[in-house]
Structures are given as structure tokens and as C-alpha cells.
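Below is one structure; the comments refer to it alone.
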Amino acid sequence: MTHVVREIERPGSKLHKKEAVEAVTIVETPPMTVVGVVGYVETPNGLRTLSTVFAGHLSDEVKRRFYKNWYRSKRKAFSKYAKKCAEKPQDIDAEVQRIKDYCQVVRVLAHTQIHKIKLRQKVADLLEVQVNGGDVNAKVDFARSLFEQEVNVEKVFTEGETIDICSATRGHGYQGVISRWGVTRLPRKTHRGLRKVACIGAWHPARVASTVARAGQKGYFHRTEINKRILRIGHKDDSKSASTEADLTEKSITPVGGFPHYGIVNEDWLMLKGCIGGSRKRPITMRKSIVTSTRRSHTEPINLKFIDTSSKYGHGRFQTQEEKQKFMGTLAKK
């Protein structure tokens, strides 16, 4: 996280034409690769998968997702399907035609390019993304045209729009009722402990109600936060990605010393207003907003004046490494 200075345009408000400091989150978003299409049939019991068609060539990082023991599997991983695509393309075309004939819902299979993030993880994350608009034939043709292609974040989202964030929150393990539910501690002289709930219910009904605070797992829950606004979309290798009209200093979004517990941002990125759930390096899902935002602040111009890139390890004074070296001068070598 970092912070920005923004000029507010809100006529009638006391903040109108004034500058405000806002907390922002930087999310690194390398391009995703489309590797398949799935067709679903609508039934009285919900959607049912009819057929799945994969691309002819898959990268090792997504193949690792399909096998438990990659060391033993990598020699022949996905080789039969690739051979089928090369020698019998008519079989693949027949499966695509089945999707066009019988399916009502079409989704593409896309995976992350995990090697671009420079983490220890080697296995790509795979997810389905629904294709909307047009008839089923147009959806399938569009999905197939994306096979083995990269999809950048700016092809999906734009600056100024609001999106939903789906994530797993930070885990805190097994916690008691004081930490987990925020109930009040009992008096100091209480027998057998005081970090408890004094009464967990009446004699009858002879069971504990679900509304009573109890100890258990805290955090690592799936949560969806709606209508987070995109303030800026940054591009890979842009040395001026954190510059503004009011601040012409040539600087990228990575602060001096890197982001704590993360490092350097090397790929495309999104700047979201506020915070998001989950720990650093944990993948999140971003989607178009389901609930239309009616807030006035979500429609006003962004007007970024300044983006802070000072060090996040302590009281950062300098916006760039060059600025620090110029101020400190020549230092004695140890």
C-alpha cells in the first residue's frame, strides 16, 4: 500500500477544490493466458458441463496444475491431447460444434503466468471466465480466437471504473471469543478464566444456539468486497508510471527499497482506492461490478496530484534512489 494526493471535485461539499490524501493498494497484474473453453447446459438442477476443449499447446506452469507429482508426470504430461490436436483436428472441431449446438453458457479457461511475478511458486492458478454478449456461436468463436493469447488487464478494466474484489482474508488460526467476536472480558476474580462467554444459553432448548460467540477459526475466509475504484492502470517498463502533471519526477510505482514483504513491481499494475482482503503475494479475483455504484465519489474525476514512492520501511524521506544519493552525497565505504 501507499498513498496519493488527489484534488476533489465535489460541488457543494466542503472538500470541493481541496486536496485530500487517500490510501491506495497496488495490485500487480501480469497478463493471463487463455488455454481452453468450457460449455455448460442449463438443467433444472443448475449448470452441467457438456464439453471442454483445450488449446494445442500448454505451458509447463499450467500443466503442473493437472498433476500431483510433476517429476514423474512431466515426460508425458498432456502429450496425448496435443497429439490428438495435431493429427485429428476434426475431433476437436466436432467438440467445438457440440458446444455451439447444445450449450447455453460459455466460459474460457485462463491461467496466470506465475513465472512473471518472481515468487517461489511454479504452479499457475487456473480459473473460468464467462463470455457474454452475442449468440453461442459468436461466444465460442471469440473464445477460440483467444487460445494461447495473452489478455492484459487494460483489455478488461479501465481507469475510473469500480470493480469487485474476491479474496481470502488473512488467517489468524484458532482464536478465543475475545479475539474472534470482540466480547467483553469477565471480571478479574472470575473462576476458571475470564476470556470467556459467561452464559452460552438457557437449559432449554438443550443446545447451544448458532448466535452464541464460541472459539474457533479466525480469518482465512472467502470475502467479496464490492465497488473498489481503479485510480490508475500502470504499464510494464514505464519509468514514469508514478508521475503526474503536478509531480514531474521520473519515477516508477515501486517505492525506495521495494514494497515490504513483496519486492519490486515488474509487470502491469492496478491502483485501487483503499485496502483489499488477504495477505501480500496471495492471488485475488477481480470482476466487473455486479451492484451498480450510485456513490457520487465514484463518478467524479480522479485528478491525481502526487503518488508517494518513499520507503515503506520506516519514515521515508526520499521519493527516488537518485534523490537520496544526491542529498546524502558520497558515503564512506566500509
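The values are calculated or read from the model by the stated rules, or taken from the named source; none is laboratory data. Quick caveat, the model's predicted, so the values are computed rather than measured. Cβ coordinates were reconstructed from backbone atoms using ideal geometry, including for glycine residues, and neighbour counts include every protein chain displayed. The protein model used for the area step is the full one, side chains on, heavy atoms only, and it has no ligands, DNA or RNA in it. Shrake-Rupley method; radii C 1.70, N 1.55, O 1.52, S 1.80 Å.
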**Q.** Computed magnitude of the charge dipole of the range 96-170 (debye, nearest 20; Cβ of K, R +1, Cβ of D, E -1)
**A.** 460
Q | Three-way shape label, the range 222-271, alpha-carbon gyration tensor, a/c 1.5 | A | oblate
Q. Can you work out ³J(HN,Hα) from phi for every residue in the range 35-52, in order, using Karplus 6.51 cos²θ - 1.76 cosθ + 1.60 and θ = phi - 60°, giving whole Hz and x for Gly and Pro?
A. 10, x, 9, 10, x, 10, 9, 7, 10, x, 9, x, 7, 10, 5, 9, 7, 10
Q: Enumerate by residue number the GluC sites (Glu not before Pro) in the range 243-305 meeting two conditions: DSSP loop (anything except H, G, I, E, B), and at most 15 other Cβ atoms within 10 Å of the site's Cβ.
A: Glu245, Glu250
Q. Whose amide H sits under 5 Å from the amide H of His3, counting only residues 5 or more places off or on another chain, with H placed in the peptide plane?
A. Val24, Asp308
Q | Nearby lysines by direct alpha-carbon distance to Lys17 (threshold 18 angstrom, same-chain neighbours under 8 apart not counted) | A | Lys305
Q. Going by a ≥ b ≥ c, the root eigenvalues of the Cα gyration tensor, does the range 234-307 fall in the rounded group (a/c under 1.5), the prolate group (a/b larger than b/c) or the oblate group?
A. oblate
Q. What are the ³J(HN,Hα) values, in whole Hz, obtained from phi via the Karplus relation 6.51 cos²θ - 1.76 cosθ + 1.60 with θ = phi - 60°, for each residue of the range 281-287 in sequence order, with x given for Gly and Pro?
A. 6, 7, x, 10, 10, 10, 9
Q. So which GluC sites (Glu not before Pro) in the range 135-183 pass both tests, a DSSP loop state and at most 16 other Cβ atoms within 10 Å of the Cβ?
A. Glu148, Glu159, Glu161
Q.
Residues of the range 270-294 with the amide nitrogen closer than 14 Å to a label point 7 Å from the Cα of Asn152, along Cα-to-Cβ, please.
A. 270
Q. Do the sum for the chain: with -39,500 (n - 2.57) for every DSSP H run of n ≥ 4, divided by all residues, what is the mean residue ellipticity at 222 nm, to the nearest 500 deg cm²/dmol?
A. -4500 deg cm²/dmol
Q: Name the lysines eligible as straight-distance cross-link partners of Lys83: C-alpha to C-alpha under 18 Å, and not fewer than 8 places from it in the same chain.
A: Lys63, Lys74
Q. What is the Å³ per residue value for the convex hull set by the Cα atoms of the range 1-150?
A. 199
Q | Cα-centred dipole magnitude for the chain, charges only on beta-carbon of K, R (+1) and D, E (-1), debye, nearest 20 | A | 2480
Q: Report the label-to-label distance for Lys116 and Gln104 in nanometres (one decimal), using points 7 Å from each Cα along the Cα→Cβ vector.
A: 3.6
Q: Please work out which option in (i) 40, 34, 24; (ii) 44, 24, 17; (iii) 34, 23, 20 gives semi-axes √(5λ) of the Cα gyration tensor in Å calculated from these coordinates, and answer with its label.
A: (i)
**Q.** Computed FRET value (nearest 0.05) for Tyr262 with His204, which takes r as the C-beta separation and R₀ as 35 Å
**A.** 0.05
Q: Report, to the nearest whole %, how much of the accessible area of the chain belongs to carbon and sulfur atoms, 1.4 Å probe, protein only.
A: 51
Q | Semi-axes of the equivalent ellipsoid for the range 69-149, Cα gyration tensor, largest first, Å | A | 28, 20, 10
(Q) List the pairs from Lys118/Lys312; Lys88/Lys116; Lys100/Lys155; Lys155/Lys251; Lys116/Lys251; Lys18/Lys228 whose alpha-carbon separation is above 27 Å, in the order I gave them. (A) Lys88/Lys116
Q. Measuring from label point to label point, each 7 Å out along Cα→Cβ, what is the Met1 to Tyr220 span in nm?
A. 2.3
**Q.** Low-density loop cleavage sites - trypsin sites (Lys or Arg not before Pro) in the range 179-273, where at most 11 other Cβ are within 10 Å (DSSP)
**A.** Arg188, Lys189, Arg192, Arg207
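Let me know the charge dipole size of the range 200-334 about its Cα centre in debye, to the nearest 20, where only the beta-carbon of Lys, Arg (+1) and Asp, Glu (-1) is charged. Intermediate values should be presented prior to the final figure.
Details: 25 positive and 12 negative charges, 140 e Å.
Rounded to the nearest 20 debye, it is 680 debye.
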Q | Charge dipole (the chain, unit charges on Cβ, about Cα centre) - positive-most of Thr190, Tyr174, His57 | A | Thr190
**Q.** Listed residue (Val212, Asn45, Ile233) projecting farthest to the positive dipole end of the chain, Cβ model
**A.** Val212
Q. Can you run phi through the Karplus equation (6.51, -1.76, 1.60; θ = phi - 60°) for the range 251-263 and list ³J(HN,Hα) in whole Hz, with x for Gly and Pro?
A. 8, 8, 6, 5, x, 4, x, x, 6, x, 6, 9, x
